[in-house]
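Here's the structure we're looking at; comments come further down.
The values are calculated or read from the model by the stated rules, or taken from the named source; none is laboratory data. All values derive from a computational prediction rather than experimental measurement. Cβ placement follows ideal geometry from the backbone for every residue including glycine, while neighbour counts extend to all protein chains displayed. With ligands, DNA and RNA removed, areas are computed over all heavy atoms of the protein, side chains included. Shrake-Rupley method; radii C 1.70, N 1.55, O 1.52, S 1.80 Å.
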Amino acid sequence: MFRFLLSRQWVILTLVAVALVPTMIELGFWQLHRHEHRVALNQVIAGSLAAKPVPAESLTSPGAEVRSADRYRRVTATGRFDTAREVVVRRRTNADETVGFHVLTPLVLDDGKVLLVNRGWIPANGAQTEFPAVPAPPKGEVTVTGRLMPDETTAGSGIKDVEGLPDRQVMLISSEQAEQRLGMPVLGGYIDLTAPGPRGELPEPVPVPEHDDIGPHLAYAVQWWLFCAGVPVGWVVLVRREVRERREAEREERTEAEPAAV
């Protein structure tokens, strides 16, 4: 009765079912790992935002990479904004998903080092080839507070670092590139400014990163495992239906053959 399982059609169907089971299990664990990563990242962000501000130079230095554990840490620094060598970062959006610029202003510290300060978002009014009108930062010596961020890279951000941009415009926030441009030692990474706030509505401060949403990954993991459990169940249902149809066909053949035999 079960010899049909050796047919080409059923062998292929069985092999596909066998291959789907481990694939779906692996996809479920992949989504579970993404969920765990998101939860861990949320915990890092929440802890960093809740911690008391520390001096920026205690967590970073020229040429250093910002550690993952220090990302979003609130740091402070005292110096003077160098607006003459300020640049804008292209293709940045605000909370309303409007495309504009981020304003990146060097803060020259008392010891001669530079901290890159992302002062926030401004709209891209006017020609993209011209340096936009940027609200001025506070003059004189100022103490700033901000969230420490690692240097942006093409791999990490998905943004291509385009060459030949208009003067004083960049695609990525990179302390290494800034050091070459400024000719001064630049602390690794940069900060998203939180204080002092803008004098007017612009620049719009970079919003606090989302760290409450855990995403749909856990639900996706459960779905993949349910699909995995459904594969052998579906295979058994198909086999039973095939057996039932074959038995019904045999009974019909016997019924038709009996009158002829009489």
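Surface analysis of the chain yields an accessible area of 60 Å² per residue, using protein heavy atoms and a 1.4 Å probe. Accessible surface of Trp225, taken over heavy atoms with a 1.4 Å probe and every protein chain present, rounds to 80 Å².
Considering all different alpha carbon pairs of the chain, the Kirkwood hydrodynamic radius works out to 23.1 Å. The slack in the chain from Glu36 to Glu256, taken as 0.36 nm per residue of separation less the alpha-carbon distance, amounts to 72.8 nm.
Ranked by solvent-accessible area (1.4 Å probe, protein heavy atoms only, all chains present), the residues Glu201, Glu141 order from largest to smallest as Glu201, Glu141.
For region 1-71, the gyration tensor built on C-alpha atoms gives a prolate shape. Its axis ratio a/c (a ≥ b ≥ c) is at least 1.5, and a/b is the larger of a/b and b/c. So which DSSP H runs in the chain come out at 20 Å plus along the axis (Cα) with average Kyte-Doolittle of at least -0.5? Length and hydropathy pass: 8-50, 217-261. Only one residue of Val170, Val237, Thr60 has its Cα farthest out toward the positive end of the dipole of the chain, where Lys and Arg carry +1 and Asp and Glu -1 on Cβ, and that residue is Val237.
Between Thr93 and Arg67, the distance separating the two model label sites (each 7 Å from Cα on the Cα→Cβ line) works out to 3.4 nm.
Our note on the geometry: Cα centres of region 76-121 and region 187-234, 24 Å apart. For Ser174, the solvent-accessible surface computed with a 1.4 Å probe is close to 20 Å², ligands and nucleic acids excluded. So, with a 1.4 angstrom probe, what is the percent of accessible area on region 99-238 that is carbon and sulfur? In region 99-238, the share of accessible area belonging to carbon and sulfur is 58 percent.
The residues packed around Arg119, meaning those with a beta-carbon under 10 Å from its beta-carbon, carry a net charge of -3 if Lys and Arg are +1 and Asp and Glu are -1. Using a Gaussian network model of the chain in which every pair of alpha carbons under 10 angstrom is joined by a spring, one finds that among Thr105, Thr194, Thr143 the greatest mean-square fluctuation is at Thr143. Applying a DSSP loop filter and a limit of 12 other Cβ atoms within 10 Å to the trypsin sites (Lys or Arg not before Pro) in region 99-206 leaves Lys139, Lys160, Arg199.
The rule of thumb for compact globular proteins, 2.2 N^0.38 Å, goes into the C-alpha radius of gyration of region 47-130 1.26 times. Solvent-accessible area assigned to carbon and sulfur over region 1-98 amounts to 58 percent, based on a 1.4 Å probe. Heavy-atom accessible surface of Thr98, to the nearest 10 Å², is about 60 Å², with a 1.4 Å probe and all protein chains retained. Since only Thr23, Gly183, Ser157 are under comparison, the one whose Cα sits farthest along the positive direction of the charge dipole of the chain, derived from C-beta charges on Lys, Arg, Asp and Glu, is Thr23. With only Cα atoms counted, region 55-188 has Rg and Dmax values of 14.4, 40 Å. At q = 0.12, 0.19, 0.20, 0.21 Å⁻¹, what is the log10 ratio I(q)/I(0) for region 124-249, with the Debye formula run over Cα points and no solvent? The calculated log intensity ratios at q = 0.12, 0.19, 0.20, 0.21 Å⁻¹ are -0.72, -1.32, -1.38, -1.44.
Computed from the alpha carbon positions, the gyration tensor of region 91-149 leads to an equivalent ellipsoid with semi-axes of 25, 14, 10 Å, biggest first.
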